[in-house]
Amino acid sequence: FFILLNKWFKEVLTIKRLMSNFVPNNLRETLAEICQSSRIKIPVFVLKNEPIIMSETKWIFPFGNCIIISNKATEFLDNKEVEALLAHEIGHIKHHTFVFNLLDFLSQITLFGKGFLISVLNTKEMEYRADDFSLKWISRKGYPKDILKNLLKKIVITNSTLKYFAYSGRFLKKALHQ
């Protein structure tokens, strides 16, 4: 229990610290537009200094849903690609991926270790839904599908390892061929 409490406390402190980072208004406005059109409460949105292009969605008490993207994403991606990345993360929120995060968090106190409880969920389906949500968003905006292909290429090129994004990338490719 104390390990779990310690991990939660560290997550809260990290989010509080990241909330002091400047987030450009155009990104906040883009996030607000996606959330409002999807009837989703606007999550906490922070930028994190990471050496790779990354994004993630977490549910952390007392903040609720939090979207974290790396500064590298804002440096190497154009506005439409960042919008597609944000739409992907909103897709996770829309499809209640917080259950995944909660089970991942709780699995750390089981005897079987981190990730054990999430094995009951279909994580491939969650990634596919988030990719599909992003694809529908950019199509609704009239952007070409190539934005997602270019986004994936830039992630591959700028990240020294595909471990983080290879999982989602397979499903993104599948979504693009439909």
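The values are calculated or read from the model by the stated rules, or taken from the named source; none is laboratory data. None of the values given here were measured: they were computed from a predicted structure. Virtual Cβ from ideal backbone geometry, glycine too; neighbours counted across all protein chains shown. Each accessible area value is taken on the protein alone, full model and side chains, heavy atoms only, with ligands, DNA and RNA left out. Shrake-Rupley method; radii C 1.70, N 1.55, O 1.52, S 1.80 Å.
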Residue under evaluation Glu56, criteria (1) out of contact with any helix residue (DSSP H, G or I) (no Cβ under 7 Å at 6 or more places or on another chain); (2) modelled with pLDDT of 90 or more, criterion not met | (2)
Specify which of the listed residues (Ile90, Ile69, Ile42) is in a strand (DSSP E or B) and modelled with pLDDT of 90 or more.
-> Ile69
From the set of residues in the range 133-166 that are open to solvent by 40 Å² or more (accessible area, probe 1.4 Å) and modelled with pLDDT of 85 or more, which is nearest to the chain's Cα centre (by Cα)?
-> Lys136
Taking Ser37 as the residue in question, decide whether it is open to solvent by 80 Å² or more (accessible area, probe 1.4 Å), among the polar types (S, T, N, Q) and either in a loop (DSSP other than H, G, I, E, B) or out of contact with any Leu (no Cβ under 7 Å at 6 or more places or on another chain) (or both).
-> no
Might you check whether a residue that is in a helix (DSSP H, G or I) and in contact (Cβ under 8 Å) with a residue 60 or more places away in the chain occurs anywhere in the range 6-16?
-> yes
Determine whether Arg28 is among the basic types (Lys, Arg), in contact with a Phe, Trp or Tyr (Cβ under 9 Å, 6 or more places away or on another chain), loosely packed, with under 14 Cβ neighbours inside 10 Å and free of Cβ contacts under 8 Å to residues at least 40 places away in the same chain.
-> yes
Inside the range 70-94, can you point out the residues that are within 16 Å of Leu135 (Cβ to Cβ), surrounded by fewer than 24 Cβ atoms within 10 Å (Cβ to Cβ) and among the charged types (D, E, K, R)?
-> Lys80, Glu81, Lys94
Would you point out the residue of the range 46-69, among those that are of a type outside the set (A, V, I, L, M) and within 12 Å of the chain's Cα centre (by Cα), that is most open to solvent (accessible area, probe 1.4 Å)?
-> Trp59
